[in-house]
C-alpha cells in the first residue's frame, strides 16, 4: 500500500471513529470557575457531570498542573475513592461521594488550576477547570526612619524619608504613603523629587513581604509634617481592607529667620523668685545664643537664661542675640525689660513691747516702702483692726493684751508681703470672770471648781476651804482648778476664790448645789400650798386616774354652778334673795381657795419645792 492510499485510509478511520462517538454519546462536566479561601482553612471544589446516554462505569479524576505537567491528586472509580500520594497535596485532599475535592489546611502553594476529568467509556471523556485563590492578611505595617543625619532643606537630590514594611500577606499587598493624612501619588520614576521604591520578598511559607521606601526633597513647610503608610490587601468575596502603620516626622534642618526672647514666669517677679527667660529661633538646629544685662555679658545655658533668688538690683533690660551661619543677614535678637518687685521691712513705732495699765491708751505707727502701690494693715489673729498704718486702742482692757501684727503687702504682686509683730501687756489688779456653779449628786461627793482671772503680774490664787489645786494659763488668762469634798458647809456657804497681785485683790464665791435628778418615785400635788407625797406605785398606777378624777370634778362643779344659776333664775332657791343682797353689799365668802397643779415629773423642779426643813 503506497503512502497516498495509507493516508486516505487513516483519514477515513478517524472520521468513522468521530462519527461513532458522536452517535454513541457525550460527557459534560461542570465546576466552579474559582474558589476563594483563607490560608489554613478548608477549600471545597465541586464537580458535577452528565453522560448521554447514561452509563454506570464512569471514572472521575482530579488533576493539578505544575510546570506544564498534569498530576492526579485524587480519583473515584467504581465506588472506590482514593487520593494520590505523589503530590504536595498528599494527606490533605479527599474526594467526596459527590466528587467534590476537599483540601484541608490550604497554603499559598495550593493556589493552582484544578481539573475535574470524567471518563465514561464509550461515552467519551470530559473535563472542567477551577482556580483556587488563597488569601492571608498581612501584619500591621512598620514604618522606620533612616539612620542617616537630619535632612537639610535645599538639597538638590531626594532624601530617604522612611521605609514601610508589611510582612506575610497573600496575595501581594499594596503600600500607600500618606503625608498629613493626604495620600501621596504612587510615583516610581526615580528622577522625580518625590518617588517610591517598592520591593517584594517571597517567604518560605509562600507569603509575600512588601517593602516601599519614600524619597523626597522636603521644604521648610515639611518641618512639622506627619508621615505614615497604609497596607491595602484583599480578602475573599472581593473585600478590600487596610492597616495603618505608626507615624514619623522628619528631622529637618533649615535656617533661622527670626528670634523670640520670652519671660517664662507667669506671675509678676518679686525678690527671692527664680526667673527663667528663654531665647529661641524658628530655625533648626538652634544656633548659639549670647545674653547681656544692660549691655554687660552674662552667661546662659543654650537658649535658657536662669536668674536665681533675684533682687531689686536685677531690674534691667536683658538681651538675647543668635548667629545662624546659614542666614547671616537675619536679625536674630530679642529683649526683655525685667522688673523685680520688692517691699521694704515693716517699721513699727514704738518698737519695744508695750506694758499698759488697765484703762490706759496705747498707739502704734507702722510704715514700709514698696516698688508698687501697697497696703498696711494691723491685725490681731485674723481680725483686721486698721488699714492706714495707725493703731490706737483706748481704755485698754485685759482682753486687748497679746500679739499684734503689722502686715505690708503689694496687691498687684501675689505673695509680696512683709510683716512684724509687737506685744501688748495689760497690768492691773486681778479681775475674775463669772464662775460656774458646781454640782454634785449628793453630799460628800468630790467637786471640781474653776476660777478664771485676768491680771498682770499673774495673780496668785487662794481657795477657802483649800483642796487639790492646779493652775494653767490660757492666753491672757490664768485658770485655777480645785478639787475638794462637797461637805454640808460647802453646799450651804460655797467656796471662796481669792486672787491677788501687787495691784490689788479680788474674790468671789463659787456655789455648790445638789443635782435635782428626776425622781419618778413620788408625785407632788400642792393643795392650798401644802405638799403631799405619793409613792411611785401610786404615781405610776394612778396618774391617769388622778387626771380623770380632776376632769370629772371640774365637770361636776360646772354642772352644779349651772344648776344653781338656773334655779336662781326661776326664784326656786329660798336663799336666792339673800345671796343677791350679800353680793350687792360685797359680802361674798372667798375663804376657800383650791389650787391644783400638775404632778408631771418634768415640772417638779420648777413648780414643786421641798420644805426647807427637808433640805
Expected output is a single nm value to one decimal: the length gained when fully extending between residue 190 and residue 336, i.e. 0.36 nm times separation in residues minus the C-alpha distance. What is it?
47.5 nm
Projected label distance in nm at residue 423 and residue 267, using a 7 Å step from Cα toward the beta-carbon:
3.2 nm
How much length would be gained if the chain were fully extended between residue 442 and residue 197, taking 0.36 nm per residue of separation minus their Cα-Cα distance, in nm to one decimal?
77.4 nm
Within a 10 angstrom radius of the beta carbon, how do 88, 195, 170 rank from fewest other beta carbons to most?
88, 195, 170
Quick one: order 397, 191, 158 by neighbouring beta-carbon count within 10 Å, fewest to most.
191, 397, 158
If you take the beta carbon distance between residue 72 and residue 33 as r and set R0 to 22 Å, what does 1/(1 + (r/R0)^6) give as a FRET efficiency, to the nearest 0.05?
0.55
Between residue 367 and residue 211, what is the label-to-label distance in nm when each label sits 7 Å out along the Cα-to-Cβ direction?
8.4 nm
For the range 433-514, restrict the atom set to alpha-carbon positions and state the Rg and Dmax in Å.
12.7, 40
Return 385, 449 ranked ascending by Cβ neighbour count within 10 Å, so the fewest neighbours appear first.
385, 449
Fully extended, how many nm does the chain gain between residue 471 and residue 433 (0.36 nm per residue separation, minus their Cα-Cα distance)?
12.1 nm
For the pair residue 125 and residue 251, the simple spin-label estimate (label points 7 Å beyond Cα toward Cβ) gives in nm 6.8 nm
Ranked packing of 112-121, 266-275, 295-304, most packed first, by mean Cβ within 10 Å
112-121, 266-275, 295-304
Evaluate E = 1/(1 + (r/R0)^6) for residue 327 and residue 274, where r is the Cβ-Cβ distance and R0 equals 35 Å; express this FRET efficiency to the nearest 0.05.
0.55
Quick one: Cα centre-to-centre distance for the range 259-330 and the range 448-522, in angstrom?
72 Å
FRET efficiency (residue 487, residue 352; Cβ distance; R0 56 Å; to 0.05) is 0.65
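Read-outs: derived from the displayed coordinates by stated rules, not from any lab. Computed from a predicted model, the values in this text were never measured in an experiment. Neighbour counts run over all protein chains shown; Cβ positions are idealised from the backbone, glycine included.
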